[in-house]
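This report concerns only the one structure given below.
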Amino acid sequence: MRIRTLLLTVAALVLIYFVAGAYLLRFALEPMVLPHVAPSAHTTAPVLQTISGDDGNTMLVRRYGKPTVGCVVFFPGQHGILSAYEEDLFPAFAAKGIAVLAVAYPGQNGAHGTSHLTEILALGARVVASAQSTCPGQRVVLYGRSLGSMVAAYVAARSQPTGLILESAAPSLSSAIRLRLSARWYLAPLALLPVSRLLPHDYSLAEALSSTRGVPAVVFQGTADSETPLSFLRVPEVSDNLRLVVVSGGSHPTTYLLARDRIIKAALSMLRSQRS
């Protein structure tokens, strides 16, 4: 009798565990994917533009450098604009006459509100439209890092920019979530759930890039990146419209540093080809 009671108790706990996990993936994922980031946590650059949604959520745009050649609209990862990018990558763009328009999602880096992926895509498209109307020759390249890669790819599908540069990208939202779950012992069993079916929408590079056939697209992926592994992008299903640049020794935080010169070169090539 005691063994039966124990087994029933364990079974009930296992059921609760998986039901709770499924609920979070379906209804409460976005606050975990895009957490709040305090304004003082990273950037202190002045705000160039504020884009507001119908519900009061805002997306901020900060500019680094002067756009003599063109502009790069930068979509950060889930933790917002990192100071390392402000110190290392943005000045490198500026030195080549490329202004960086760095986006802050709602609830991050001083932008008001709460982030929702569908709204971010709409607000991001408005940011790009504004950049295309003000940057020299309407030459705008989108740059997305980590989660921002997915955002940039979907915004590119809406806005058809001059080019698209991705860094440390995951092929889909579900693959990134499943990898994060597997990396923690107490969450690893949840990776057995049908994650892609539980998500309200499983965003993917393949879906986004299917609508950007005329846009040059490249992804820089590190060989030592455990958060967005290179092997995930070595499958034909991702997209035949995406050129893969392998960054030897690059981890999730260092790929952009190791590939900085190649990233700048790619952006310049995209911007100059549009001019000709």
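The values are calculated or read from the model by the stated rules, or taken from the named source; none is laboratory data. Quantities reported herein were computed from a predicted structural model and do not represent experimental measurements. Here Cβ is always computed from backbone atoms with ideal geometry, including for glycine, and neighbour counts include all displayed protein chains.
Some notes on this structure:
- Residue, farthest from Val69 (Cα to Cα), within segment 93-127, restricted to residues that are in contact (Cβ under 8 Å) with a residue 40 or more places away in the chain, assigned to a helix (DSSP H, G or I) and in contact with a strand residue (DSSP E or B) (Cβ under 9 Å, 6 or more places away or on another chain): Glu119
- Residue within segment 256-266 that is touching a strand residue (DSSP E or B) at 6+ places or on another chain (Cβ under 8 Å), at pLDDT 95 or above, part of a loop (DSSP other than H, G, I, E, B) and surrounded by 21 or more Cβ atoms within 10 Å (Cβ to Cβ) present: yes
- Residue check for Ile51: outside any helix (DSSP H, G or I) and farther than 29 Å from Asp261 by Cβ: yes
- In segment 20-44, the residues that are closer than 30 Å to Pro189 by Cα and at pLDDT below 80 form no Cβ pair under 8 Å with any partner that is aromatic (Phe, Trp, Tyr) and surrounded by 13 or more Cβ atoms within 10 Å (Cβ to Cβ), whether six or more places apart or across chains.
- Breaking point among (1) surrounded by fewer than 19 Cβ atoms within 10 Å (Cβ to Cβ); (2) within 17 Å of the chain's Cα centre (by Cα); (3) of a type in the set (A, V, I, L, M, F, W, C), for Ala208: (1)
- Considering segment 21-48, and only residues there that are under 19 Å from Gly144 (Cβ atoms) and in a helix (DSSP H, G or I), the residue that is nearest to the chain's Cα centre (by Cα) turns out to be Val33.
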